[in-house]
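The values are calculated or read from the model by the stated rules, or taken from the named source; none is laboratory data. From a predicted model like this one, the values you see are computed outputs, not experimental measurements. Quick reminder, even Gly has a Cβ in these numbers, built from the backbone with ideal geometry, and neighbours come from all protein chains shown.
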């Protein structure tokens with residue numbers, strides 16, 4: 001769908017889309033603000049969000065209690081507040097990822113290990129660009145596009161207008177169309193062409209094609225797609241992790257070497273390996289991980305919900 005087509009789509013003129021149009025307009029304006037302002041206003045927005053989004057705050061609180069039992073209640077509360085600050089800043093980071101010019105962003109980011117991605121692509125079998133759901137997710141992906149175009153694997157959004165805009169902006173920046181997670185043939189075609197595909201396997205999507213393996217020592221229903229796709233395609237798995245640095249220092253994206261001896265003959269062991277790798281990098285900036293998601297929602301049969309009724 002071209003820009004002109006979706007802008008004139010009569011569906012999106014309905015009143016139920018007006019709040020989304022308003023929100024998107026505000027996001028685009030946010031992208032033009034000075035970086036220091038974005039941090040300050042975004043942080044305040046996150047603190048405000050923590051007071052009104054009580055259900056999400058409760059989910060984050062449970063997740064942090066499960067994953068950081070070694071922290072005192074005071075330190076966990078401080079981490080919870082820092083997380084909502086990061087969530088607010090994340091709204092501005094998404095706006096920057098979609099609409100800020102390269103000239104503004106290049107002075108804010110440092111990408112390390114781009115040669116690892118180049119070496120993996122040189123094999124000609126494609127690359128799974130593996131990461132997690134961080135608050136810096138969209139902006140970190142934007143920084144990767146400076147070095148390599150990629151397809152983004154995604155799940156459909158409930159709001160068609162937001163999804164249309166998200167798809168358009170991601171494709172405009174990554175220079176390749178996003179791919180629905182269920183389009184296995186499309187994914188395999190991309191790998192066959194030697195392309196990179198962005199993928200974050202760290203959310204709970206139910207028991208289908210998943211195994212129960214620990215994440216921060218807690219049983220987590222985790223999709224096995226990383227191992228299965230690598231086995232089907234021969235694609236290398238190249239992890240990368242974005243991080244917002246303290247103050248106004250900007251951002252760092254670390255691209256790691258392709259995983260050695262992956263996949264193995266043991267899908268469960270492969271999936272556990274991914275969880276352990278992700279956990280190691282979450283611990284470097286835990287407030288910037290997406291704790292408001294019910295990561296541990298699905299539990300083995302007979303085990304009670306960790307989030308209550």
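Give all pairs with beta carbons closer than 6 Å in which a residue from segment 290-303 that is farther than 12 Å from residue 212 by Cβ meets a residue that is in a loop (DSSP other than H, G, I, E, B) and at pLDDT 95 or above; count only pairs at least 6 apart in sequence or on separate chains.
Taking only residues 6 or more apart or on different chains, the pairs are 290/133.
Of the residues 31, 45, 40, which single one is within 24 Å of the chain's Cα centre (by Cα) and in contact (Cβ under 8 Å) with a residue 60 or more places away in the chain?
31
Assigned to a helix (DSSP H, G or I) and more than 26 Å from residue 166 (Cα to Cα), is that true of residue 76?
yes
Every residue, every condition in (1) in contact (Cβ under 8 Å) with a residue 24 or more places away in the chain; (2) under 22 Å from residue 291 (Cβ atoms); (3) in contact with a helix residue (DSSP H, G or I) (Cβ under 9 Å, 6 or more places away or on another chain); (4) surrounded by fewer than 20 Cβ atoms within 10 Å (Cβ to Cβ), yes or no:
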residue	(1), (2), (3), (4)
226	yes, yes, yes, no
232	yes, no, yes, yes
236	yes, no, yes, no
240	yes, yes, yes, no
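Which condition breaks for residue 167 when tested against (1) at pLDDT below 85; (2) more than 18 Å from the chain's Cα centre (by Cα)?
The one condition residue 167 does not meet is (2).
Any residue in segment 83-95 that is over 24 Å from residue 27 (Cβ atoms) and either in a helix (DSSP H, G or I) or over 17 Å from the mean Cα position of the chain (by Cα) (or both)?
no
For segment 103-125, state whether one or more residues are assigned to a strand (DSSP E or B), touching a residue at least 60 places away in the same chain (Cβ under 8 Å), touching a helix residue (DSSP H, G or I) at 6+ places or on another chain (Cβ under 6 Å) and within 24 Å of residue 187 (Cα to Cα).
Taking every residue of segment 103-125 in turn, none turns out to be assigned to a strand (DSSP E or B), touching a residue at least 60 places away in the same chain (Cβ under 8 Å), touching a helix residue (DSSP H, G or I) at 6+ places or on another chain (Cβ under 6 Å) and within 24 Å of residue 187 (Cα to Cα).
For segment 1-34, which residues satisfy the criterion of being assigned to a loop (DSSP other than H, G, I, E, B) and either modelled with pLDDT under 80 or farther than 30 Å from residue 247 by Cα (or both)?
Across segment 1-34, the qualifying residues are 1, 2, 8, 9, 14.
Does at least one position in segment 276-291 carry a residue that is assigned to a helix (DSSP H, G or I), more than 28 Å from residue 43 (Cβ to Cβ), at pLDDT 95 or above and out of contact with any helix residue (DSSP H, G or I) (no Cβ under 9 Å at 6 or more places or on another chain)?
yes
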